[in-house]
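Note sheet for the following structure.
The values are calculated or read from the model by the stated rules, or taken from the named source; none is laboratory data. All values reported here derive from a predicted model rather than from experimental measurement. Methodologically, a virtual Cβ is constructed for each residue, glycine included, from the backbone with ideal geometry; neighbour enumeration extends over all protein chains shown.
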Amino acid sequence: MRFVFPLIFAVLALGVLPSCKRIEAKLRRLAEQSGVTPKPPPPPKPEEPVLTPEEQAIEKKLHETALLEAAAPAPEVPTAPAFELNKSSVVSILGYHDFKDRGGSPMLIAASKFRAQMQAIKDSKIPVISLSEMMAWKHGEKNIPEEAIVITMDDGWEGVYTYAFPVLKEFGFPFTIYIYKKYVGGGGRSMSWDQIKEMMQHGCEVGSHSVSHESLKKKPKNKTDAEVQQWIVGELKDSRDFLEENLHVKVPSFAYPYGNFDDAIMQTGLQIGYESLVTVNGQKVTWDTPNGKLGRYIIHGDNDINFKLATSFRGRGDVGSNKFLVADAKNDKGEQLIQLKPKPDTVITERRPLIEADLKKLGTIMPESIKLRIGGLGTVPVDYDPATMVVRFQFPYKLRREDCAVSLSFQRAPAQPVEVVSWHFKIDLAAAYLPAQ
């Protein structure tokens, strides 16, 4: 019996094989008739040769290394510190009105006088920034120089375009004009829309100065409190909408006519969307100055008093009473007067830099007159060596800001003016955090 079943299977297989061959032949004929050529079967995969003992050892080592690399933590990538806002900056906002060949009234300054003031600012190296830059700083979005000036002009007199604009354009100073609805584009001595748009192409920003230029604290007769409030809202809002429709820009700032306002008016201005409201109070702007009462130094004609107050920062004389030296000033022999470290406009990686100023080419110096001011620190104590005439200051902590501004002032003799040299350098924070190679 044990041979019966194999015999049966063999017979069945012999019967099936011819049948399979017939089916295969039939399929081949059908494929040829349809024009489809059947794909040949894929060739068998070549067998991998057997590894030698040496190759097996290498393969094992590579496999173990790959496992270790996969399990190892990714190396830490050094990162620069988070942005740090410098809240110690101080800004002076200058306020002008009209300009002519000659002065003659508190609201009118001679073009020559204005040029002299702008030249003094240029020589002082105190940066002139735009109002929008100052507000970006107050919003915590960016840093500004330790000391800065903003230039504004009220009302929209054509003298701004004729006399002030060419000077501001020449010096590259940004500025803001505050104009009111009932005057702009009205002919006569008011600026035209085309003149305003031209200035906007060269650093001019536009703010609102109300609809009528009437005092917002005025109490019209026969008006209820609700009607007075509605009128105030109109003076603030309608003037802004009017300017935005004609100039197609956002108008985020307002100047109180005559500087007259109270806390209720200020809150109304902030509530309807103004980011800043400026006064005529001669006060410098700091980071914590309320945005609804930003002080301005109004320049009254050819009187220099407010200009001097505005351009005097933290005990230093105003720009008219100081002598400003450029960082690369040279003597009669062509030698650089002051050797500065770090060098001006360079990029360093040392986060606790040593500040040095070599003054020996200046001749004599009054040691007690030496003052060194650092952006973010103010006036700092210095080491002065009378023998080498080198001023030094070592930063007590690591800097976390990219830009560092330095200002050194001194007198050569009691009768001589205070001389000031300012420079700045940058710190490559990302490079400073990289490990030493």
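Which members of segment 292-314 meet the condition of being among the polar types (S, T, N, Q) and farther than 16 Å from G259 by Cβ? Walk me through how you get there before you give the answer.
As a first pass, look at segment 292-314 and keep what is among the polar types (S, T, N, Q): 303, 306, 311-312.
Across segment 292-314, the qualifying residues are N303, T311, S312.
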- Query: Quick check: anything in segment 373-380 without any contact (Cβ under 8 Å) to a residue 60 or more places away in the chain, of a type in the set (G, A, S) and on the phi > 0 side of the Ramachandran plot?
  - Reply: no
- All-but-one check, P386 against (1) out of contact with any Asp or Glu (no Cβ under 7 Å at 6 or more places or on another chain); (2) under 29 Å from G320 (Cα atoms); (3) free of Cβ contacts under 8 Å to residues at least 24 places away in the same chain, failing number (2)
- Go through segment 259-277 residue by residue and tally those that are more than 11 Å from K237 (Cα to Cα) and polar (S, T, N, Q). 3
- What strands (runs of 3 or more DSSP E) lie completely within segment 259-341 and have 2 or more residues being under 30 Å from V228 (Cα atoms) and touching a residue at least 40 places away in the same chain (Cβ under 8 Å)? 276-278
- Message: Need a quick list: strands (runs of 3 or more DSSP E) entirely within segment 139-229 having at least 1 residues that are out of contact with any Gly (no Cβ under 9 Å at 6 or more places or on another chain), within 28 Å of P290 (Cα to Cα) and touching a residue at least 60 places away in the same chain (Cβ under 8 Å).
- Response: 147-155, 204-208
- Top-ranked residue in segment 367-394 [being among the polar types (S, T, N, Q) and over 28 Å from the mean Cα position of the chain (by Cα); ranked as nearest to R352 (Cα to Cα)]: T388
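Consider I365 carefully, then state whether it is outside any loop (DSSP other than H, G, I, E, B) and modelled with pLDDT of 85 or more.
Details: outside any loop (DSSP other than H, G, I, E, B): no; modelled with pLDDT of 85 or more: yes.
So I365 does not fit the description; no.
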- Task: Return the residue satisfying two criteria in turn: it lies in segment 147-182 and is in contact with a Lys or Arg (Cβ under 6 Å, 6 or more places away or on another chain) and not hydrophobic (A, V, I, L, M, F, W, C), and of such residues it is surrounded by the fewest Cβ atoms within 10 Å (Cβ to Cβ).
- Result: E158
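Among E350, E356, which is assigned by TED's automatic domain parsing to the domain that holds S409 and over 25 Å from the mean Cα position of the chain (by Cα)? Show your work before the answer.
Details: E350 fails: over 25 Å from the mean Cα position of the chain (by Cα).
On inspection, the qualifying residue turns out to be E356.
With respect to I355, is the statement that it is within 16 Å of L408 (Cα to Cα) and outside any loop (DSSP other than H, G, I, E, B) true? Lay out the reasoning, then the answer.
Values: within 16 Å of L408 (Cα to Cα): yes; outside any loop (DSSP other than H, G, I, E, B): yes.
Against the criterion (within 16 Å of L408 (Cα to Cα) and outside any loop (DSSP other than H, G, I, E, B)), I355 qualifies.
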